[in-house]
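Student: My questions will all concern the structure given below.
The values are calculated or read from the model by the stated rules, or taken from the named source; none is laboratory data. If you're wondering where the values come from, they're calculated on a predicted model, not measured in any experiment. As a convention, Cβ positions derive from the backbone with ideal geometry for all residues, glycine included, and neighbour counts pool all protein chains shown. Side chains included, ligands, DNA and RNA excluded: accessible areas come from the protein's heavy atoms. Shrake-Rupley method; radii C 1.70, N 1.55, O 1.52, S 1.80 Å.
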Amino acid sequence: MQVYTSPCKPTPPDALGPFYVPNAPERIGVGKGHVLSGTVRSSADCSSIAGARIEFWLTGPDGNYDDDHRATMFSDKDGAYKFESNFPPPYGGRPSHIHIKITAKVCRALVTQYYPVTGSTEGEFDLVLIPED
């Protein structure tokens, strides 16, 4: 088991879920009403990671997954990202959530989920990746 002494604790992985489809269109949003932002970082030293590929998928306002609610974007030169979508409704006993898959050179891929606070219009979620061994 790896022990982390860096102040940047790795983002916990979460389920990929059955609705992931690769090669989502490159875009910075898929709707309006909720803005998610953060920075992609390395757990080794908290440094930002530029150019990380970030994929998002979530349900539309009707509670269904579709191609209109999938996106791919890349972190900027400072590792930052900003993604806008509708507020994802809960469904089937699951709380509101946005699926995220992050890949970056020299780091392990990460699949996680962001759980927005009910009624919120924005959230912050840093994505902290583990360097490859």
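Student: With a 10 Å cut-off between alpha carbons and a GNM built on the chain, which of Leu110, Leu16, Leu36 moves the most?
Tutor: Highest fluctuation of the listed residues: Leu16.
Student: Something else: Report the local net charge at Pro89: Lys and Arg +1, Asp and Glu -1, summed over other residues whose C-beta lies under 14 Å from its C-beta.
Tutor: Residues near Pro89 contribute -1 overall.
Student: Okay, next question. Give the long-range amide H neighbours of Gly38: residues separated by 5 or more places, or on another chain, with amide H under 5 Å away, using H modelled in the peptide plane at 1.01 Å from N.
Tutor: Placed amide hydrogens put Tyr81, Phe125 under 5 Å from Gly38.
Student: Just to be sure I understand: with springs between alpha-carbon atoms less than 10 Å apart, which residue in Gly63, Gly33, Gly92 has the highest mean-square fluctuation in the Gaussian network model of the chain?
Tutor: In this elastic network of the chain, the residue with the biggest mean-square fluctuation among Gly63, Gly33, Gly92 is Gly92.
Student: Select from region 1-80 those trypsin sites (Lys or Arg not before Pro) which occupy a DSSP coil region and have at most 13 other Cβ atoms within 10 Å, ordered by residue number.
Tutor: Hits after loop and neighbour filter: Arg27, Lys32, Lys77.
Student: Which GluC sites (Glu not before Pro) in region 82-133 pass both tests, a DSSP loop state and at most 13 other beta-carbon atoms within 10 Å? Each step should come with its number before you reach the end.
Tutor: Values: sites: Glu84, Glu122, Glu124, Glu132; in loops: Glu132.
When the GluC sites (Glu not before Pro) of region 82-133 are filtered for loop state and at most 13 Cβ neighbours within 10 Å, Glu132 remain.
Student: Could you work out what % of the accessible surface of region 83-133 is carbon and sulfur, using a 1.4 angstrom probe and leaving DNA, RNA and ligands out of the count?
Tutor: The C+S portion of the solvent-accessible surface of region 83-133 is 55 percent.
Student: Can you work out the accessible area per residue across the chain, with the rest of the protein chains kept in place, probe 1.4 Å, in square angstrom?
Tutor: Normalised by residue count, the accessible surface of the chain is 54 Å².
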